[in-house]
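Structure first, commentary second.
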Amino acid sequence: MLLKIYNQLLEHFGHQQWWPAEKKFEIIVGAILTQRTSWKNVEKVIQNLKKKKLLEPKKLFQLPIKKLEGLIKPCGFYKIKAKRLRSFLKFFIDKYNGNLEEMFKTSLDELRKELLSVHGIGHETCDSILLYVGEMSVFVVDAYTFRLCKRYPLIYSKDYEEVRKFFENNLPKDVNLFKEFHALIVELGKNYCKTKPLCEECPLRGDCNAIGVNDLSS
């Protein structure tokens, strides 16, 4: 069932080539800053940090908190996000000396526990880092994924871990497939499977209409 959905979405949207970034550390910063805001706003911050040559772990960490807040202000909730970014940077520098190669020598399960223990790093952000930066086979679940699971329906659960394991247990352990599927679900949610779904235009309409997705509002 999941592979069928994947293939339908891939045929409709094409390859998404996520995550858009020049360097791996940039993906981590983006994953932390993109919470509760649009990617366009995060891009503004990323480009600003690049211009100022500050998109490096130790340089960012050494910034006074007020300066960091000012630099990331376009992405919203900047005071909270500055603290979250500082928390990750402290962990990353203290434990791995700011070295991504060293960090990803850690096993998936152990590193996942470490990242989830960092203040402000939730499940979605953690798994985005593991998948898109570490090339580790963990499926990223977001609000669009929960919506798809409810409407299709695939699994009735609001529990992140339960939904994550459902995808991982029912798909080939393929990092590129996990990346592509996550990105395709985001496109589906942004364009068709909205809060008020556009079911008649949706690439999954045949299957979803058969189970009454139009009766579901979220």
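Per this entry, Ile93 is counted among residues that are in contact with a Pro (Cβ under 8 Å, 6 or more places away or on another chain) and either touching a residue at least 40 places away in the same chain (Cβ under 8 Å) or not charged (D, E, K, R) (or both). Figure legend. Inter-residue proximity from segment 168-191: first residues closer than 18 Å to Glu11 by Cα and in contact (Cβ under 8 Å) with a residue 12 or more places away in the chain, second residues among the β-branched types (Val, Ile, Thr) and part of a helix (DSSP H, G or I), beta-carbon distance below 7 Å, spacing 6+ or different chains. Indicated pairs: Ile185/Thr145.
Contact annotation: residue pairs with Cβ atoms under 9 Å, 6 or more positions apart or on different chains, pairing a residue in segment 20-42 that is touching a residue at least 60 places away in the same chain (Cβ under 8 Å) with a partner that is part of a loop (DSSP other than H, G, I, E, B) and among the small types (Gly, Ala, Ser), are Lys24/Gly134; Phe25/Gly98; Ile27/Ala21; Ile32/Gly120; Gln35/Gly120; Gln35/Gly122. What do you reckon, is Gln8 surrounded by 15 or more Cβ atoms within 10 Å (Cβ to Cβ), in contact (Cβ under 8 Å) with a residue 60 or more places away in the chain and outside any helix (DSSP H, G or I)? Taking the combined requirement at face value, the residue does not satisfy it.
Consider Leu100 carefully, then state whether it is touching a Lys or Arg at 6+ places or on another chain (Cβ under 9 Å), in contact (Cβ under 8 Å) with a residue 12 or more places away in the chain, surrounded by 14 or more Cβ atoms within 10 Å (Cβ to Cβ) and not assigned by TED's automatic domain parsing to the domain that holds Arg164.
Judged against the criteria, Leu100 is a match.
In summary, helices (runs of 4 or more DSSP H) completely within segment 42-109 and bearing 1 or more residues that are within 13 Å of Ile32 (Cβ to Cβ) and in contact with a helix residue (DSSP H, G or I) (Cβ under 9 Å, 6 or more places away or on another chain) occur at 57-62, 65-71, 78-96.
Taking only segment 57-68 into account, find how many residues are charged (D, E, K, R), closer than 19 Å to Lys95 by Cα and loosely packed, with under 14 Cβ neighbours inside 10 Å. Steps first, please.
First, the residues of segment 57-68 that are charged (D, E, K, R): 58-59, 66-67.
Right, trim to closer than 19 Å to Lys95 by Cα and you get 58-59.
With loosely packed, with under 14 Cβ neighbours inside 10 Å added as a condition, the list becomes 58.
The number of residues fulfilling the criteria is 1.
Counting the residues of segment 123-168 that are not aromatic (Phe, Trp, Tyr) and not in a helix (DSSP H, G or I) gives 14. When residues in segment 141-163 are screened for being closer than 16 Å to Ile5 by Cα and either surrounded by 16 or more Cβ atoms within 10 Å (Cβ to Cβ) or of a type in the set (Val, Ile, Thr) (or both), 13 of them pass.
What number of residues within segment 127-139 are within 8 Å of the chain's Cα centre (by Cα) and either of a type in the set (Phe, Trp, Tyr) or over 16 Å from Lys105 (Cβ atoms) (or both)?
Kept after step one, since they are within 8 Å of the chain's Cα centre (by Cα), are these residues of segment 127-139: 127-129.
Then keep just the ones that are either of a type in the set (Phe, Trp, Tyr) or over 16 Å from Lys105 (Cβ atoms) (or both); that gives 127-128.
Within segment 127-139, residues that are within 8 Å of the chain's Cα centre (by Cα) and either of a type in the set (Phe, Trp, Tyr) or over 16 Å from Lys105 (Cβ atoms) (or both) number 2.
The values are calculated or read from the model by the stated rules, or taken from the named source; none is laboratory data. Since this is a predicted model, take the numbers as computed values, not measurements. Heads up, the Cβs are rebuilt from the backbone with ideal geometry, glycines too, and the neighbour counts pull from every protein chain shown.
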